[in-house]
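Each remark here refers to the structure printed beneath this line.
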Amino acid sequence: MRKKTVRMTALLLTLALALSLSSSLHQPIRADDSDGAWRLVLDDAITYPDPALAPIVRDGVVYLPVELVLPPLGADYQIDELSRTLSLYRGEQIVAINLLTSQAITSDGRFLSTEAFYSNPTYYVQASFAAGEFGGKLTRLSNGIYRITTGSQALSDDEMVLLMKSMPSFSPRIVDQPTVYLLFHGAGAGLSKTLSLLSQHGISATFFFSANDIAQNPGALRRVYIAGHRIGVYAPQGKVQEVTRANDLLQKVLKLRTGLVYAPSNTTALQNAGYQVWNASLLSSAQQGELSLTRILSTVGWTTSVWFDGSASSAEVLAAILNAIESMRLKTAIETASPFHF
């Protein structure tokens, strides 16, 4: 500890002698979040920091409180009021930043330019600079949320965005074994493989058919029904007329009607008409390239649902999920009295 204190003192003295004290600090502009709160992603963890520690954005540069950006990187900080120097350190690595000149010197002898300042109740540093100095990285996800990664993350930025899209509310209730509801389109080239996979895993599912699906391929409807799966109506546009037409065709083919509906949007009219309406927070079609729904579902800490569109690729996604996710977490659409709405 004495060695590090001596080294840090030497850095502060060098900085004080080498740097001019002429520059001034402008009033920072706080980043505004439309929902009145903000999130910060640390590797794969979605955190909800104190609103008083919100990010500050100035001239396109993101500043974060030292209390937020340093701990994930294994670093800490120290302030010298006399020289107005903020020192960031991890072990013997030190970055001493003069608050008045925005100049810094590192323990390996580099002279750098980076701004840091005090804004009640804490000190702020350039987030990308601080992260980079200690082996991390700052990114802004496509949904506007900032993310700090340390190299220990399992999810890519795009997968993290999908994970956050699956959240049923801003601050979901975290559970130990979150349920994943499986919703299936009863048509498409992947139907045979989907039925085979569900049979192998002993899962009785719910398949949703649109009026056009039934009219064009009543044999697929009979096949799913005979296999012991529940039948629902798929209403792509969320209209009551779609459900009425599909039920009329169901009556002709299977002598049954159903109040179970899948609608990707515009569910209010259907709910008001008394139908049990489901929708999905994740789509099997989202898995492409390096995106992996199995990684996302292995990370998610809240109830979610996945829509399988009946394609051959959706059957492949199902196979991966069934092999990676505990069967006790996988439920069918009818296993709750209240459908999951996203």
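The values are calculated or read from the model by the stated rules, or taken from the named source; none is laboratory data. Everything numeric in this text was worked out from a predicted model, so none of it was measured. Note that we place each Cβ from the backbone using ideal geometry, even for glycine, and neighbour counts take in every protein chain shown.
Brief remarks on what is shown
- Restricting attention to region 151-169, the residues that are assigned to a loop (DSSP other than H, G, I, E, B) and touching a residue at least 40 places away in the same chain (Cβ under 8 Å) total 8.
- Taken as a whole, the structure leaves Met160 outside the set of residues that are outside the structural domain of Val317 (by TED's automatic domain parsing), of a type in the set (A, V, I, L, M), out of contact with any helix residue (DSSP H, G or I) (no Cβ under 6 Å at 6 or more places or on another chain) and surrounded by fewer than 20 Cβ atoms within 10 Å (Cβ to Cβ).
- Helices (runs of 4 or more DSSP H) (entirely within region 251-342) containing at least 1 residues that are over 30 Å from Gln153 (Cβ atoms) and either touching a residue at least 60 places away in the same chain (Cβ under 8 Å) or not assigned by TED's automatic domain parsing to the domain that holds Ala215 (or both): 312-324
- First in region 46-57 and part of a loop (DSSP other than H, G, I, E, B), second anywhere and among the β-branched types (Val, Ile, Thr), Cβ under 7 Å, 6 or more apart: Pro55/Val62
- Of everything listed in (1) β-branched (Val, Ile, Thr); (2) touching a strand residue (DSSP E or B) at 6+ places or on another chain (Cβ under 8 Å); (3) in a helix (DSSP H, G or I), the single unmet condition for Ile214 is (2).
- Any chance Thr122 is crowded, with 22+ Cβ neighbours inside 10 Å, on the phi < 0 side of the Ramachandran plot and among the polar types (S, T, N, Q): no
- Failed criterion for Val161 (all others in (1) in contact with an Asp or Glu (Cβ under 7 Å, 6 or more places away or on another chain); (2) closer than 21 Å to Gln287 by Cβ hold): (1)
- Which listed residue, of Val62, Val41, Val95, is under 20 Å from the mean Cα position of the chain (by Cα) and in a strand (DSSP E or B): Val41
- Just one of the listed residues (Phe134, Phe184) is at pLDDT 95 or above, touching a helix residue (DSSP H, G or I) at 6+ places or on another chain (Cβ under 7 Å) and closer than 19 Å to Leu297 by Cβ, namely Phe184.
- Ala215 being surrounded by fewer than 16 Cβ atoms within 10 Å (Cβ to Cβ) and either acidic (Asp, Glu) or at pLDDT 95 or above (or both): yes
For every residue, the table says whether it meets (1) of a type outside the set (S, T, N, Q); (2) buried (at least 16 other Cβ atoms within 10 Å of the Cβ).
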position: Val62; (1), (2): yes, yes
position: Pro65; (1), (2): yes, yes
position: Leu70; (1), (2): yes, yes
position: Asp76; (1), (2): yes, no
position: Glu81; (1), (2): yes, no
position: Ser102; (1), (2): no, yes
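- Restricting attention to region 262-285 and to residues that are among the hydrophobic types (A, V, I, L, M, F, W, C) and within 27 Å of Val317 (Cβ to Cβ), the residue that is farthest from the chain's Cα centre (by Cα) turns out to be Leu270.
- Set side by side, the residues Arg110, Arg90 differ, and just one is basic (Lys, Arg), surrounded by 14 or more Cβ atoms within 10 Å (Cβ to Cβ) and modelled with pLDDT of 85 or more, which is Arg90.
- Residue among Gly289, Gly301, Gly274, Gly310 that is surrounded by 15 or more Cβ atoms within 10 Å (Cβ to Cβ) and at positive phi: Gly310
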